[in-house]
Amino acid sequence: MNPKTFVYSNLFFLLIGVILIQFGCDKTEENKAPTCTITSPNNEDEIDKGELITISVDADDTDGNVTEVLLYVDGSIIANMRSFPYTFDWNASSQEVGSHTIKATAKDNSGSSSSDEINISLTSYQPAALTTVFLSDYTETSAQCGGNITDDGGTTVTARGVCWSIFENPTVSDDNTTDGSGTGIYASSITGLTSDTRYFVRAYATNKWGTQYGQQVILKTYSGTVTDIDGNVYYTVTIGTQTWMAENLRTTKYNDDTAIPLITINNEWEDRATPAYCWYNNDEASYKNTYGALYNWHAINTGKLSPTGWHVPSETEWQTLVDYVGASFAARILKEAGNTHWYYPTSEGTNESGFTALPGGVRSGYDGTFNAIGITGRYWTTTGGTDKIYYMISQHHSIFQNFVGPPYDGCSLRCIKD
């Protein structure tokens, strides 16, 4: 080979090697962008705007460091997080109800970035609106109750029922029933109670807002029963030191098994000077079981109306009851609750005593006519002179007080245990 050619050839390869080495030294590895994923909340979540919303982001960089994670809602920045964990509690209470976009952007130390975004829907949940339906059908160990849900609060009521306890303001953590879902009136059966015990009861309704409660009502279970000569069975209730019938007397016989005269004709009832009883409007089928009979005072005066071991109360015994429950609001505590039998809800009865006073009306001793059913209840005492003393309870008043009337009026009767 020509020496010159050899030299030129070596110089050529040397030059190529230098170029290749230089190129290799100048080449740098391409930077990888960080990863960025919103892990909470989830895309398309529906969230109450009243909640504190926790936004969590999973961000990492395999060839460097994550220097910051930026959070945006609808394009406006709400947080700049510079250290792990990338979590932010967002107060969305001022936001409009509807769809919103949450975006997270992670940046690394080389200036690269990546983003993730989700859409959520903000709602405005409200508690359900409801009332507790008044108690009925008391026994020694059970009662009927329920609720009326008039507004679901903008989201489905998923559970409803009543709850009860011997302590005030019971919750679903106490004894409770589950009675379906949705709005409207529903019935609940309370069972497993203890006799002669006071319970507090509330209806409840659960939706996405949480659990809301109706007003508190008081249930006093009956203490036992007593049976009259006719075989009628009456629940009894203990109030203070006294034990009373919790129902109006409806016997048609004296306790010696002789019949009490039933008088239906008006002019035979008026000014009558001998014992008698009747049913309101002379309609036994409609009124007997609920309101009991109406007796004139002459029947009371025989001393033979009450079951054995019981008697018709005196004025003093009635007043003991009134004073025990509170004279200024005795009627409210003694009346049956609700307006199933009281004509108007203005009766404001709570029946927290368990006495269940009812508006059995009256039969006039002057002309034999009937009046005031659903409005007034009159209860005879054994006390009086020419005119006799009775206690009257009415729909519009909270006071249960004594009055005097002629002995030939027809009034209801409650008995008290000896």
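The values are calculated or read from the model by the stated rules, or taken from the named source; none is laboratory data. Everything numeric in this text was worked out from a predicted model, so none of it was measured. Please note: Cβ atoms are built from the backbone with ideal geometry, for glycine as well, and neighbour counts cover all protein chains shown.
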Condition check for V404: under 16 Å from Y277 (Cα atoms) and assigned to a strand (DSSP E or B): no
Among (1) farther than 23 Å from G405 by Cβ; (2) in a loop (DSSP other than H, G, I, E, B); (3) without any contact (Cβ under 8 Å) to a residue 40 or more places away in the chain, the one test that E352 misses: (3)
Selection count where residues are within 21 Å of N232 (Cα to Cα), of a type in the set (S, T, Y) and surrounded by fewer than 16 Cβ atoms within 10 Å (Cβ to Cβ), scope the stretch 264-289: 1
Candidates L305, L358, L334, L321 - the one that is out of contact with any Pro (no Cβ under 6 Å at 6 or more places or on another chain), more than 23 Å from N289 (Cα to Cα) and surrounded by 16 or more Cβ atoms within 10 Å (Cβ to Cβ): L321
Test: residue in the stretch 338-360 that is assigned by TED's automatic domain parsing to the domain that holds K288, farther than 30 Å from Q216 by Cβ and more than 28 Å from the chain's Cα centre (by Cα): no
Members of the stretch 355-401 that are free of Cβ contacts under 8 Å to residues at least 24 places away in the same chain and part of a strand (DSSP E or B): N371, A372, T376, Y390, M392
Some residue of the stretch 288-295 being modelled with pLDDT of 95 or more, in a loop (DSSP other than H, G, I, E, B) and assigned by TED's automatic domain parsing to the domain that holds T274: yes
Residues that are in a strand (DSSP E or B) and either small (G, A, S) or surrounded by 18 or more Cβ atoms within 10 Å (Cβ to Cβ) (or both), drawn from the stretch 124-139: A129, L130, T132, V133, F134, L135, S136
Condition broken by D257, with the remaining ones in (1) surrounded by fewer than 21 Cβ atoms within 10 Å (Cβ to Cβ); (2) touching a Phe, Trp or Tyr at 6+ places or on another chain (Cβ under 7 Å); (3) outside the structural domain of T158 (by TED's automatic domain parsing); (4) in a loop (DSSP other than H, G, I, E, B) satisfied: (2)
Filtered residue count, the stretch 219-240, keeping only those that are in a loop (DSSP other than H, G, I, E, B) and free of Cβ contacts under 8 Å to residues at least 60 places away in the same chain: 3
Considering residues of the stretch 115-151 that are polar (S, T, N, Q) and within 18 Å of the chain's Cα centre (by Cα) only, the residue nearest to V162 (Cα to Cα): T132
